[in-house]
Amino acid sequence: MEKEIAIEKAKALEEIAEFVVANHEHIPELDVFFSPFLSEWRFDHDKELAEKAVKELALSALEFGWKVDKDYDSSHMRLDLKPTHGGKVSFWVERETVCTKKVLGTETITKKVATAWEEEEVEQEIVEWECKPLLGIGNEKTE
């Protein structure tokens, strides 16, 4: 590893450590998964606590001059905080903890069944998720 790259990685780790220490009160003590790479935290079970923590962590990251992104998959919302020196701190929250699922209807689709790989028609929900924006202004809709 080149010396310059090593220095940048060390600066990123220092920056992440400073952020975690400064924001430890916003990171719930229970239901947190902390990876050995100091990059991913997960908290799910307390809706009010999760909503507050996500908002506070995003605001604090912006104050630190970090880039803040969020991403949704079928079951989670991920808040990515990106330090100025590189790296990433991710906070994972169950999507249902920070969003409201609205079932808009159902649709019949064809799926392959594992027993003999036959196709069968099944009904599945058509859903829309209403998620609060990070800073509490307006609504967001995702599918």
Looking at region 24-36 only, could you name the residues that are modelled with pLDDT of 50 or more and over 18 Å from Glu48 (Cβ atoms)? His24, Phe33, Phe34, Ser35
Out of the residues in region 61-89 meeting the condition of being among the small types (Gly, Ala, Ser) and over 13 Å from the mean Cα position of the chain (by Cα), tell me which one is surrounded by the fewest Cβ atoms within 10 Å (Cβ to Cβ). Gly65
Would you check which residues across region 91-135 are charged (D, E, K, R) and assigned to a helix (DSSP H, G or I) and list them? Arg95, Glu96
Can you name the residue in region 72-90 that is part of a strand (DSSP E or B) and in contact (Cβ under 8 Å) with a residue 60 or more places away in the chain and, of all such residues, is farthest from Glu8 (Cα to Cα)? Tyr72
If we keep just the residues of region 90-121 that are among the aliphatic types (A, V, I, L, M) and surrounded by 12 or more Cβ atoms within 10 Å (Cβ to Cβ), which is modelled with the highest pLDDT? Val93
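The values are calculated or read from the model by the stated rules, or taken from the named source; none is laboratory data. Since the structure is predicted, the reported quantities are computational estimates derived from the model, not experimental observations. Neighbour counts run over all protein chains shown; Cβ positions are idealised from the backbone, glycine included.
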